[in-house]
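Shown next, in structure tokens, is the structure this report addresses.
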Amino acid sequence: MNQDADAQLKTFPHRHFLSCDGLTAPEINFLLDLADEAADRNRTVDKKRDVLDGKTVINLFFEASTRTQASFDLAGKRLGADVMNMLVASSSVQKGETLIDTAVTLNAMRPDIIVVRHHSAGAVELLSQKVVDCAVVNAGDGAHQHPTQALLDALTIRRAKGRIDGLTVAICGDILHSRVARSNINLLNAMSARVRIIAPSTLLPSNSDRLGAEVYTDMWKGLEDVDVVMMLRLQHERMDGAYVPSSREFFHFFGLDHEKLARAKPDALIMHPGPMNRGVEIASTVADHSRSVVREQVEMGVAVRMAVLEALSANLPQT
Ligand code: NCD
């Protein structure tokens, strides 16, 4: 469908929020505008609203998380919802069975929105097919998607640069294991940004030339004149073997230090979804640089999650 990029939507036209793949510019703008208002309101004393009054949000995390879970928790509470946090320890039971059992159990508790993080790609979508009358939000599934992270990155960029379209964004590091990279590539393309991915060939997926980004294995070249440098964490927990010779060597070739940063535009933003491995993918002084927006990303995380919860709650069945 050929949608007018400037079209103004009145509602978000999806029941669940599972992926950035297939989101249109008007849908993204709808959520970013809602989040932008929430971000401004969050800076005042009147942070609370009642749009989710009487609604129940369950945060179901099968993987440890600090900022994502905390921000969904705060987002739900700021909108007046009852929020329950569940951290499910990983189990040796077959994944499919565990998930479907969990879905049946949760259904019985009549939640309105379930926010799910799971270590397997596709697990959140599977769960969304099993629940009745409730919306499901993907808070990260394996190395697949992390759509609210891409939205909060987009909001951070839009607030700092005034736009997203036409900017060149370099996503650097462990692309292979990164759901953040996949979601960002989808979203930034939908918003007409130019995306580059920069990684050693061992940390690039085999289909990297079809992801919708220019591929670089030389960071010095890849950072040339970019507007935004987005660093990724080396995802050791998803590696079954050695993908990089050593952290020191990785830092030498692919860590963001002042010399490599100097290749980017003089006003380039420095981003990282966190948690950061200082001295591995990013020099500590670069992480704390005046152009680093890592803290703004965390702040926008709450606003974006408020926007997603609010948008989905408007589509819940009324009876
Ligand atoms: C990311 C994640 O969990 O995918 N972090 C986050 O959501 N704040 C990236 C990461 O873990 O490196």
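The values are calculated or read from the model by the stated rules, or taken from the named source; none is laboratory data. What you see is a predicted model, and the numbers here were worked out from it, not measured in a lab. So basically every Cβ, Gly included, is an ideal-geometry build from the backbone, and we count neighbours across all protein chains shown. The area values use the complete protein model at the heavy-atom level, side chains included, leaving out ligands, DNA and RNA. Shrake-Rupley method; radii C 1.70, N 1.55, O 1.52, S 1.80 Å.
Of all residues in the stretch 258-277, count the ones that are more than 15 Å from the ligand (Cβ to nearest atom) and either hydrophobic (A, V, I, L, M, F, W, C) or part of a helix (DSSP H, G or I) (or both).
Step one: of the stretch 258-277, the residues more than 15 Å from the ligand (Cβ to nearest atom) are 258-270.
From the residues that got through so far, the ones that are either hydrophobic (A, V, I, L, M, F, W, C) or part of a helix (DSSP H, G or I) (or both) too are 258-262, 264, 268-270.
So the answer is 9.
It is to be established whether one or more residues within the stretch 204-226 are among the β-branched types (Val, Ile, Thr), within 28 Å of THR68 (Cα to Cα) and more than 17 Å from the chain's Cα centre (by Cα). It would help to see each step written out before you state the result.
Going residue by residue through the stretch 204-226, those that are among the β-branched types (Val, Ile, Thr) are 215, 217, 226.
Next, only the ones that are within 28 Å of THR68 (Cα to Cα) stay: 226.
Now narrow it down to the ones that are more than 17 Å from the chain's Cα centre (by Cα): 226.
Yes - at least one qualifying residue is present in the stretch 204-226.
If we scan the stretch 35-45, do we find a residue that is touching a Leu at 6+ places or on another chain (Cβ under 7 Å), among the charged types (D, E, K, R) and away from the ligand (no atom under 16 Å from the Cβ)?
Yes, the stretch 35-45 has at least one match.
Could you list, in sequence order, all residues of the stretch 278-294 that are assigned to a helix (DSSP H, G or I) and either over 30 Å from LEU74 (Cβ atoms) or more than 13 Å from the ligand (Cβ to nearest atom) (or both)?
Once the filter is applied, which keeps residues that are assigned to a helix (DSSP H, G or I) and either over 30 Å from LEU74 (Cβ atoms) or more than 13 Å from the ligand (Cβ to nearest atom) (or both), the stretch 278-294 yields SER284, THR285, VAL286, ALA287.
Could you list, in sequence order, all residues of the stretch 258-269 that are among the hydrophobic types (A, V, I, L, M, F, W, C) and open to solvent by 30 Å² or more (accessible area, probe 1.4 Å)? Don't jump to the end; show me each part of the working.
Narrowing the stretch 258-269 to residues among the hydrophobic types (A, V, I, L, M, F, W, C): 261-262, 264, 268-269.
Matches in the stretch 258-269: ALA262 only.
Which numbered condition trips up SER120, out of (1) within 16 Å of the ligand (Cβ to nearest atom); (2) in a helix (DSSP H, G or I)?
Of everything listed in (1) within 16 Å of the ligand (Cβ to nearest atom); (2) in a helix (DSSP H, G or I), SER120 misses just condition (2).
Could you check how many residues of the stretch 121-147 are within 15 Å of the chain's Cα centre (by Cα) and open to solvent by 20 Å² or more (accessible area, probe 1.4 Å)?
Result for the stretch 121-147: 3.
Pull up the stretch 48-85, narrow it to residues that are loosely packed, with under 15 Cβ neighbours inside 10 Å and over 24 Å from ASP133 (Cα atoms), then point me to the one that is farthest from the ligand (Cβ to nearest atom).
For the stretch 48-85, the residue satisfying everything is LYS48.
Where the second residue is of a type in the set (Phe, Trp, Tyr) and within 16 Å of the ligand (Cβ to nearest atom) and the first is within 11 Å of ALA139 (Cα to Cα) and lies in the stretch 50-71, which pairs have Cβ atoms under 7 Å and are six or more apart or on separate chains?
ASN59/PHE72; GLN69/PHE61
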